[in-house]
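Written below as structure tokens is the structure these notes are about.
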Amino acid sequence: MASTTEQPTSQAIPPIKVRYCEVCTFPLEYCEFGSSFTKCKESLLEEDQDLYDKFYSEEALAKKIGTLSVEDQTKLEKDTAAKEVKAEKKADAALKKKLASQVTIKRIERNKRKFVTSVHGLEAFDVDLKKAAKQFAQKFATGASVTKNPQGQDEIVIQGDVSADVVEMIEDGVGVLKNVPKDNIVEVEEKKKKGGD
Amino acid sequence: MFKKFSPSTDVSGQTSVKTSVQRSIRSNILSQWKIDQDTLEQFWPKKESLILVKCRDHISIYALHGEPLFFQHFDGPFYPTLRLVHKYPFILPMVRIDRGAIRFLLAGAHMMCPGLTSIGGYLPPPENEIKSGTPVAIFAEGKEHAVGLGITKMDTEEMRRVNRNIGIETVTYLGDDLWAVRSL
Ligand SMILES: [Zn+2]
């Protein structure tokens, strides 16, 4: 089939390979507009001196200002610096919040001697709840699903009293639970209300 | 369109797209975008089956092997993702904003006419006028790659004439919540 004619069989236009920043994910030329410009530059300088010069040499800097007025350029630089500070503060706060957030494991009595176990708060540690539910279901050979609690937050509900085993799995960092710190686990028991309403 | 969009809460389901539907999407894309079959075949081979990811507010994202390729709002035009436009920058008509407008776009603002008609900006010449309601790739002064995608809210000649108000409604841009979605 091939090589007898000069005509290529495909006219397809090959894709352009854009180099994206490893820090902010933007194409390199847009790092200056992101919220991590200083880190972006440091990382590029380490990895590729030539590319760094292409974007950040005196010459390149003078050229890129384009039709922007000096005041506007100053404003932009201030804006970028402020964005960076803000992003760092946000990351700090997010980390603090993460470290302080709790994973609640609750043993709930549904009927006499019939229990379910709810696990709440795993998402703060970047756990995919659906995957975690599946992992619990397989491990305990029982039903487990992601549901919303009365507060509207997602939690995993497992059939049966498996709270002690869940704690153990988190301590051992099994599967998708590997990044959940065991110090953040709280165990709670919810008794069936007498009399009911 | 993708402000405060999070796959964990805003995706309602994933289904694979029937062959007949794929055929009609393919022909729509070939007529809506400036692309030929062979080039389209490169990132969406005929034998591969698309996944439709249904999202809130009637947004449909179409993905292949988890990678979002294009999306649609209600039954409006098909938009490529910005990453796809980076690979194939010619598939949508292009406009350019001046450097001053970049940071507003990256904050999610719609693009006002003056940012497009100034010296740093670009609109096509009258004979290639872009009609109102057309998806466009938004490039930026001094930059090689597109910074966002939008839809024209008036004809480009009208943008020149009126030179105020919103010329292009921003649909997606670098760093928005769709950009953050690498795989679905
Ligand atoms: Zn960067």
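Every number here is computed from the coordinates shown, using simple stated rules; none is lab data. Owing to the predicted nature of the structure, the values given are computational and were not obtained by experimental measurement. Here the Cβ positions follow ideal geometry from the backbone for every residue, glycine too, while neighbour counts run over all protein chains shown.
Using unit Cβ charges (K, R positive; D, E negative) and no other charged atoms, how large, in debye to the nearest 20, is the dipole of chain B about its Cα centre? Numbers along the way, then the final one.
Numbers: 22 positive and 19 negative charges, 62 e Å.
Using Cβ point charges on Lys, Arg, Asp and Glu, chain B gives about 300 debye.
Which lysines have a Cα less than 20 Å from the Cα of B:Lys46, not counting those fewer than 8 places away in the same chain?
Those lysines meeting the cut-off are B:Lys18, B:Lys34, B:Lys87.
Among A:Leu76, A:Leu44, A:Leu95, which residue has its Cα furthest toward the positive end of the charge dipole of region A:28-99, with +1 on Lys/Arg Cβ and -1 on Asp/Glu Cβ?
A:Leu95
Specify the residue with the greatest mean-square fluctuation among A:Lys131, A:Lys39, A:Lys63, computed from a Gaussian network of chain A linking alpha-carbon atoms under 10 Å apart.
A:Lys63
Counting pairwise Cα distances across the protein assembly as shown, what percent come out greater than 25 angstrom? Present the calculation step by step, with values, prior to reporting the outcome.
Working: 47936 of 72390 pairs.
Tail of P(r) above 25 Å: 66 percent of Cα pairs.
With +1 on each Lys and Arg Cβ and -1 on each Asp and Glu Cβ, and nothing else charged, work out how big the dipole of region B:87-177 is about its Cα centre, in Debye to the nearest 20.
Numbers: 10 positive and 11 negative charges, 32 e Å.
Magnitude of the dipole: close to 160 debye.
Computed FRET efficiency, Cβ-Cβ of B:Ala107 and B:Glu127, R0 22 Å: what is it to the nearest 0.05? Could the numbers behind the result be given before it?
Numbers: r = 34 Å, r/R0 = 1.54.
It comes to 0.05.
Compute the Rg/Rh shape ratio of chain A: radius of gyration over Kirkwood radius, all on alpha-carbon atoms.
Numbers: Rg = 27.1 Å, Rh = 22.1 Å.
Across chain A, the Cα-based Rg/Rh ratio is 1.23.
With the crude spin-label approximation of a point 7 Å out along Cα→Cβ, what separation in nm comes out for A:Val186 versus A:Ala60?
With each label point 7 Å from Cα toward Cβ, the separation is 5.0 nm.
To the nearest 20 debye, what charge dipole does the protein assembly as shown have about its Cα centre, counting +1 at the Cβ of each Lys and Arg and -1 at the Cβ of each Asp and Glu? Before the final figure, lay out the partial values.
Working: 55 positive and 54 negative charges, 360 e Å.
Computed about the Cα centre, the dipole is about 1720 debye.
Which residue, chosen from A:Ser163, B:Ile91, B:Met112, occupies the Cα position most advanced towards the positive end of the dipole of the protein assembly as shown, where the dipole is computed from +1 (Lys, Arg) and -1 (Asp, Glu) charges on Cβ about the Cα centre?
Of A:Ser163, B:Ile91, B:Met112, it is A:Ser163.
For A:Glu29, what charge total do you get from the other residues with a beta carbon under 11 Å from its beta carbon, if Lys and Arg give +1 and Asp and Glu give -1? Write down the numbers at each step before the final one.
Numbers: positive: A:Arg19, A:Lys54, A:Lys64, B:Lys143; negative: A:Glu32, B:Glu144.
Cβ neighbours under 11 Å give a net charge of +2.
Using mean Cβ contacts within 10 Å as the protection proxy, how do B:33-44, B:152-163, B:88-99, A:94-105 order, highest first? Intermediate results must be reported in sequence, preceding the final value.
Details: B:33-44: 16.3, B:152-163: 18.2, B:88-99: 21.0, A:94-105: 13.9.
Most protected by this proxy first, the peptides run B:88-99, B:152-163, B:33-44, A:94-105.
How much length is gained if the chain between A:Leu99 and A:Glu171 is pulled fully straight, taking 0.36 nm per residue apart and subtracting their Cα-Cα distance, in nm to one decimal? Could you put the intermediate results ahead of the total?
Working: separation 72, 0.36 × 72 = 25.92 nm, distance 1.58 nm.
Using 0.36 nm per residue and subtracting the Cα-Cα distance, I get 24.3 nm.
Based on the Kirkwood radius over alpha-carbon pairs, what is the Stokes-Einstein translational diffusion coefficient of region B:87-177 at 37 °C with 0.692 mPa s viscosity, in µm²/s? Before the final figure, lay out each step's value.
On the way: Rh = 12.6 Å.
Calculated translational D: 260 µm²/s.
Against the longest alpha carbon principal axis of chain B, how many degrees, from 0 to 90 and to the nearest 10, is the axis of helix B:19-32 turned?
Its long axis makes an angle of about 10 degrees.
Give me the number: length gained by fully extending A:Lys17 to A:Glu71, i.e. 0.36 nm times residue separation minus the C-alpha to C-alpha distance, one decimal in nm. If you can, show how the numbers build up before the last one.
Values: separation 54, 0.36 × 54 = 19.44 nm, distance 3.47 nm.
This chain segment gains 16.0 nm when fully extended.
So, counting K/R as plus one and D/E as minus one, what does the shell of residues with Cβ under 12 Å around B:Lys87 add up to?
Numbers: positive: A:Lys17, B:Arg83; negative: B:Glu67.
After counting each charged neighbour, the total is +1.
Quote the FRET efficiency, to the nearest 0.05, computed for A:Asp79 versus B:Ser20 with a Förster distance R0 of 51 Å and r equal to the Cβ-Cβ distance.
On the way: r = 50 Å, r/R0 = 0.98.
The value I calculate is 0.55.
I need the shape label for region B:7-85. Rule: rounded when a/c is under 1.5, else prolate if a/b > b/c, else oblate, with a, b, c from the alpha carbon gyration tensor.
Working: a/c = 1.65, a/b = 1.49, b/c = 1.11.
Judged from the Cα gyration tensor, region B:7-85 comes out prolate (a/c at least 1.5, a/b above b/c).
Taking every residue in A:14-21, how many Cβ atoms of other protein chains lie within 10 Å of its Cβ, on average?
Details: counts 4, 8, 8, 2, 8, 1, 3, 0.
That works out to 4 on average.
Across peptide B:94-100, what mean number of C-beta atoms from other chains lies inside 10 Å of a residue's C-beta? Write out the running numbers ahead of the final one.
Values: counts 0, 0, 0, 0, 4, 9, 8.
Taking the mean over all residues of the peptide, I get 3.
Using packing as a proxy for protection, rank A:141-147, A:122-128 so that the peptide with the highest average count of other Cβ atoms within 10 Å comes first. It would help to have the intermediate numbers written out before the result.
Working: A:141-147: 14.4, A:122-128: 17.6.
Ranked from most to least packed, the peptides come out as A:122-128, A:141-147.
Ignore the peptide's own chain and count Cβ atoms of other chains within 10 Å of each Cβ in B:138-148; give me the average, rounded. Please list the in-between numbers first.
Numbers: counts 0, 0, 4, 5, 7, 6, 6, 9, 2, 5, 0.
For peptide B:138-148, the averaged partner shielding equals 4.
First check a/c for region A:28-99, with a ≥ b ≥ c the square roots of the eigenvalues of its C-alpha gyration tensor; if it is under 1.5, answer rounded, and if not, answer prolate when a/b is larger than b/c or oblate otherwise. The partial results should precede the final answer.
Details: a/c = 4.04, a/b = 1.48, b/c = 2.72.
Cα axes put region A:28-99 in the oblate bin.
Along each principal axis of its Cα atoms, how long is chain B end to end? Whole angstroms, biggest number first, please.
If we take the Cα atoms of chain B, the spans are 46, 35, 27 Å.
Once a ≥ b ≥ c are taken as the square roots of the eigenvalues of the Cα gyration tensor of region A:15-67, is the result rounded (a/c under 1.5), prolate (a/b larger than b/c) or oblate (a/b not larger than b/c)?
Values: a/c = 1.33, a/b = 1.26, b/c = 1.06.
Rounded is the answer for region A:15-67, as its axis ratio a/c remains below 1.5.
Determine the sum of side-chain charges near B:Val17: Lys and Arg each +1, Asp and Glu each -1, restricted to other residues whose C-beta is under 12 angstrom from that of B:Val17.
Values: positive: B:Lys18, B:Arg23, B:Arg26, B:Lys54; negative: B:Glu48.
Neighbourhood net charge equals +3.
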